[in-house]
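The values are calculated or read from the model by the stated rules, or taken from the named source; none is laboratory data. It should be emphasised that the depicted structure is a prediction, and the values quoted were computed from it without experimental measurement. As a convention, Cβ positions derive from the backbone with ideal geometry for all residues, glycine included, and neighbour counts pool all protein chains shown. Ligands, DNA and RNA are stripped out before the accessible areas are found, and what is left, the full protein with its side chains, is counted by its heavy atoms. Shrake-Rupley method; radii C 1.70, N 1.55, O 1.52, S 1.80 Å.
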Amino acid sequence: MEQTRQLVETITRGIQEKKGQDIIVCDLQNIDGAIANYFIICQGNSPAQVEAITESVGDFARKELGEKPTAVAGLDNAQWVAMDYGDVLVHIFLPDVRTYYDMEHLWDDASLTQIPNLD
């Protein structure tokens, strides 16, 4: 579990490196049937920023922990990119797409941690 927590922290730093906004860490460990232990949800203000955040997350996880995602989906239009790290799923949205899907509220009993935006 410590390795998973380190991955969550590293991914968060990767998002912050490219000024990703409104980062929410959803702890799903105590939810039966959840497909991952953590969801990390954030947003970028343009498709180019969504791509940059995706690249930064991948770089941070690979360089600091030797971790690579098993899959990355959504880069073709960069409105919603999903990165699968097994126990951790990363969702990088454009603001309007994030509002539409409202992923942070899919599980009423998930523990949500908001990470402050960096200026």
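Key figures
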read-out: Solution diffusion estimate, µm²/s, Stokes-Einstein, the stretch 1-67, Kirkwood Rh from C-alpha pairs, 10 °C, viscosity 1.306 mPa s; value: 128
read-out: Computed lengthening from Lys68 to Asp22, 0.36 nm per intervening residue step minus Cα-Cα distance; value: 14.2 nm
read-out: Nitroxide proxy distance, nm - points 7 Å out along Cα→Cβ at Asn45 and Asp76; value: 2.9
read-out: For the stretch 13-29 versus the stretch 66-99, the gap between their alpha-carbon centres in whole angstrom; value: 12
read-out: The chain - percent of accessible surface contributed by carbon and sulfur, probe 1.4 Å; value: 46
read-out: Accessible surface, per residue, of the stretch 12-97 when the full set of protein chains is kept, probe 1.4 Å, Å²; value: 46
read-out: Label zone at Glu9 (point 7 Å along Cα-to-Cβ), backbone N below 17 Å, the stretch 97-118; value: 113-116
read-out: Packing rank of 63-74, 17-28, where each peptide gets the mean count of other beta carbons within 10 Å, highest leading; value: 17-28, 63-74
read-out: Label-point gap, in nm, between Asp59 and Gln114 - each point 7 angstrom along Cα→Cβ; value: 2.9
